[in-house]
């Protein structure tokens with residue numbers, strides 16, 4: 001049969017057998033998948049896993065993004081969002097301003113608030129608790145997802161308390177989960193080169209594990225398409241898988257496509273469409289203990305994200321209203337996407353759109369009607385890798 | 001969870017021709033990775049080497065004056081418009097000089113894709129004079145010019161049969177004919193999107209005659225407007241039938257309707273407002289590769305699809321990245337924004353990243369050894 005012939009020609013027969021039997025893939029398997037040039041076969045294999053777990057279901061969430069500060073002392077070379085402390089473009093939203101951002105969208109049927117920001121050394125511990133509380137009071141029914149592991153490291157530093165206590169304080173004022181950002185690539189070499197001031201991979205994973213133990217689930221990301229190599233990416237996935245075996249606290253894996261525009265490393269060409277799809281597929285195949293793989297269309301482009309629904313992704317994020325981090329990079333090439341467009345894309349791809357909340361409970365359509373042509377976000381134009 | 005297409009897959013494996021009904025099932029099959037797997041198997045059977053070819057060329061749109069006023073076009077200006085233009089010979093030569101500085105002087109290595117509107121002022125003698133001057137002046141240029149639509153009109157204005165018009169153009173230096181103007185080869189569709197334009201059988205007849213005269217042509221499809229999947233299949237069938245008869249098509253190129261600033265794009269009664277997606281492009285290219293078993297080369301459509309989807313299409317049956325296209329005006333007038341992003345260096349990077357060696361070819365798909373001079377381009381701009 002042609003499928004077997006093609007898989008054999010690609011040297012992926014043993015991996016195919018493991019996928020069918022539900023066996024865990026090894027690090028060597030991961031390298032082999034990354035090195036394969038047979039993109040549709042990777043999609044075909046990843047889709048076996050995706051459909052076994054989720055069938056045609058394709059989740060999306062309606063959320064609001066808030067970036068409470070752009071001031072950051074980390075100076076990561078891949079970031080176009082931050083400004084250094086003392087830069088006149090720097091801002092901090094106080095708790096009232098954050099609450100106003102939330103109430104400004106009171107009419108929009110969101111279920112989640114996603115808040116992240118820079119590592120701003122001027123902010124006291126109480127600020128973070130006040131901001132969480134202000135958001136929770138402004139919209140009690142929305143799930144609060146906030147602070148990457150990198151921000152948590154800073155918050156703990158100023159709190160001068162054990163992590164468990166910090167997480168307990170935050171849960172008390174409304175925090176319910178953490179996003180997956182700041183993981184970048186778990187590699188000493190890349191860490192030294194691009195984000196040496198930031199928490200390293202051991203710290204990131206330890207904080208994530210602590211969060212999970214404190215009852216706060218999180219996502220996990222990997223930023224690819226800059227200076228990383230295949231071995232480093234496989235190591236990253238294997239480390240995530242190890243922690244997940246221990247904690248079961250990761251909800252979704254989200255590979256993030258690096259955009260070089262206006263960063264310090266804008267001489268790099270950035271990832272290609274084939275790499276975008278490959279990252280989704282390899283992530284789905286390697287992370288056998290992650291329930292969900294998400295394609296983030298703001299960075300992947302909606303064109304690629306739609307195709308990614310057949311390369312292992314079962315979640316398409318999303319319905320995002322104020323995403324300052326990418327807007328800084330992409331303002332020349334922004335495209336708008338409406339809720340209707342997003343659902344049309346899922347349906348055209350032969351999948352079933354299902355609105356979820358932050359913990360992947362299904363949101364009944366009757367409770368939250370879909371607003372046709374509701375403005376939901378911006379993306380980099382498909383050509384922005386030039 | 002999708003319908004089973006293993007019976008079609010086994011025909012593909014055995015190299016058997018697919019029926020229209022099977023093509024319809026493939027178009028309805030959403031597992032686009034599976035379609036890619038099959039189309040890529042066929043592509044690798046036809047082109048076993050890890051090579052993706054590309055062509056050095058530029059478009060020259062010698063006039064934008066056009067009385068046909070197709071509703072899907074944002075490029076034309078009606079006769080009498082003060083925005084209408086016809087390039088002088090000197091302007092055309094200047095454009096060719098730029099191309100030759102970039103592409104080098106190997107014979108027939110640089111493609112000029114010269115097309116324009118149906119301008120009532122331009123007769124056969126204009127074209128004979130222009131083509132023969134270019135041929136004599138630029139031996140490195142392959143003249144890949146004039147769509148079927150233009151040729152029909154030139155014959156009409158000159159009151160000559162198509163065959164005679166074509167052979168006179170060929171004698172003046174026309175090497176090959178681009179496939180533009182095919183749109184969707186169905187008269188019901190053509191009535192809706194551009195009713196003054198040539199009919200399905202007229203488009204096919206020009207290509208048939210050209211093939212009979214020993215000229216090679218390409219085949220195109222513009223989809224994603226008012227047509228159904230059955231119309232797309234009918235289009236592919238007409239191309240496959242003509243290719244069985246003549247063998248004269250070198251390549252197939254498809255792209256989606258670009259709606260900006262077009263009458264059709266603004267008309268919600270005729271068009272549903274949904275610009276065709278990258279998903280649809282990959283599916284369409286893959287099904288076309290599986291169904292069009294007799295057309296050798298498939299070109300990427302990076303101008304309309306952008307670098308990401310164009311690169312992915314290399315795994316969906318596409319074996320050629322198309323032209324470097326130093327200039328493009330027609331789809332760019334209708335909203336595509338990818339022209340600035342595809343220098344030769346980026347094209348070669350995308351090809352290598354996909355696991356192939358980039359290799360320059362000419363319009364006849366013979367290898368060209370000369371490496372283009374990127375610095376010549378920088379100097380010109």
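A short reminder: the numbers here are calculations on the coordinates, not readings from a lab. From a predicted model like this one, the values you see are computed outputs, not experimental measurements. Note that we place each Cβ from the backbone using ideal geometry, even for glycine, and neighbour counts take in every protein chain shown.
In this simple spin-label model, placing a label point 7 Å from the Cα along the Cα-to-Cβ direction at both residue B:137 and residue A:14 gives a separation of 6.3 nm. For chain A, take the longest principal axis of its alpha carbons; what is the angle in degrees between that and the long axis of helix A:95-104, to the nearest 10 within 0 to 90? Helix A:95-104 and the main axis of chain A meet at about 60 degrees.
Comparing B:265, B:84, B:181 in a Gaussian network model of chain B (Cα springs below 10 Å), the most mobile by mean-square fluctuation is B:84. Normalised by the number of residues in chain A, the average gap of Cα pairs under 8 Å and 6 or more apart makes the relative contact order 21 percent. Taken over the alpha carbons of chain B as equal point scatterers, the Debye sum produces base-10 log I(q)/I(0) values at 0.09, 0.12, 0.13 Å⁻¹ of -0.49, -0.91, -1.09.
Angle, helix A:39-54 long axis vs. longest principal axis of chain A, Cα atoms, 0 to 90°, nearest 10? Value to nearest ten degrees: 70. If R0 equals 22 Å, the separation of the Cβ atoms of residue B:44 and residue B:364 corresponds to a calculated FRET efficiency of about 0.45.
If you take every DSSP beta bridge fully contained in the range B:6-380, what fraction is antiparallel? Give it as a percent rounded to 5. Walk me through the numbers on the way to the answer.
Details: 2 of 32 bridges.
Antiparallel bridges: around 5 percent, rounded to the nearest 5.
Annotation: the residues B:5, A:280, B:351, B:309, sorted from fewest to most other C-beta atoms within 10 Å of their own C-beta, follow the order B:5, B:351, B:309, A:280.
Over the range A:228-291, the pair-distance histogram of Cα-Cα distances with 5 Å bins from zero comes to 3, 16, 23, 22, 16, 11, 7, 2 percent, rounded to whole numbers. Between 0 and 90 degrees, the angle of helix A:273-286 with respect to the longest Cα principal axis of chain A falls at about 90 degrees. Listed by Cβ neighbour count within 10 Å, with the fewest neighbours leading, B:245, A:261, A:184 appear as B:245, A:261, A:184.
For chain B, a Gaussian network of Cα nodes joined below 10 Å ranks B:313, B:132, B:81 by mean-square fluctuation, and the top entry is B:81. Computed FRET efficiency, Cβ-Cβ of residue B:188 and residue A:84, R0 51 Å: what is it to the nearest 0.05? Efficiency, rounded to the nearest 0.05: 0.20.
Using every Cα-Cα pair within the range B:138-200, state what percent have a distance larger than 14 Å.
That tail contains 61 percent of the Cα-Cα pairs.
Report, as a whole number in µm² per second, the diffusion coefficient that Stokes-Einstein gives for chain A at 4 °C and 1.567 mPa s using the Kirkwood radius over alpha carbon pairs.
Numbers: Rh = 21.1 Å.
Answer from the Stokes-Einstein relation: 61 µm²/s.
The fewest-to-most ranking of B:271, B:302, A:310 by surrounding Cβ atoms within 10 Å reads B:271, B:302, A:310.
Provide a whole-number value for the mean count of partner chain Cβ atoms within 10 Å of the Cβ atoms in peptide A:40-48.
5
Would you calculate a helix-derived [θ] at 222 nm for chain A, using -39,500 (n - 2.57) for each DSSP H run of n ≥ 4 and dividing by the full residue count, to the nearest 500? Don't jump to the answer; show the numbers that get you there.
Values: 16 runs with 167 residues, N = 386.
So the calculated ellipticity at 222 nm is -13000 deg cm²/dmol.
Using R₀ = 25 Å, calculate the FRET efficiency as 1/(1 + (r/R₀)^6) where r is the Cβ-Cβ separation of residue A:196 and residue A:242; round to 0.05.
My answer for the efficiency is 0.55.
For the pair the range A:31-58 and the range B:221-240, the centres of their Cα atoms are 30 angstrom apart. Shielding by partners for peptide A:16-26, expressed as the average number of C-beta atoms from other protein chains within 10 Å of each residue's C-beta, is 0.
For the protein assembly as shown, the antiparallel share of DSSP beta bridges with both residues in that region comes to about 10%. Shielding of peptide B:267-280 by partners, expressed as the average count of other chain Cβ atoms within 10 Å per residue Cβ, is 3.
For the range B:152-254, just say rounded, prolate or oblate: build the C-alpha gyration tensor, square-root its eigenvalues into a ≥ b ≥ c, call rounded for a/c under 1.5, and beyond that prolate if a/b exceeds b/c, oblate if not. Because a/c hits 1.5 or more and a/b fails to exceed b/c, the range B:152-254 counts as oblate.
Ignoring solvent entirely, what values of log10 I(q)/I(0) come out of the Debye formula for the protein assembly as shown at 0.04, 0.10, 0.11 Å⁻¹ when each Cα is a single scatterer? So the normalised log intensities are -0.18, -1.02, -1.18.
Using only Cα atoms, what is the ratio of the radius of gyration of the range B:233-381 to 2.2 N^0.38 Å?
Details: Rg = 16.7 Å, N = 149, 2.2 N^0.38 = 14.7 Å.
In units of the 2.2 N^0.38 Å rule of thumb, it is 1.13.
Take chain A, connect every pair of alpha-carbon atoms lying under 10 Å apart with a spring to form a Gaussian network, then pick out the residue of A:152, A:282, A:243 with the largest mean-square fluctuation. Among A:152, A:282, A:243, the largest GNM mean-square fluctuation belongs to A:243.
For the range A:1-148, the square roots a ≥ b ≥ c of the C-alpha gyration tensor eigenvalues yield an a/c of 1.5 or more together with a/b exceeding b/c, which makes the shape prolate. Length gained on full extension, residue A:172 to residue A:4, computed as 0.36 nm times the residue gap minus the Cα-Cα distance: 55.0 nm.
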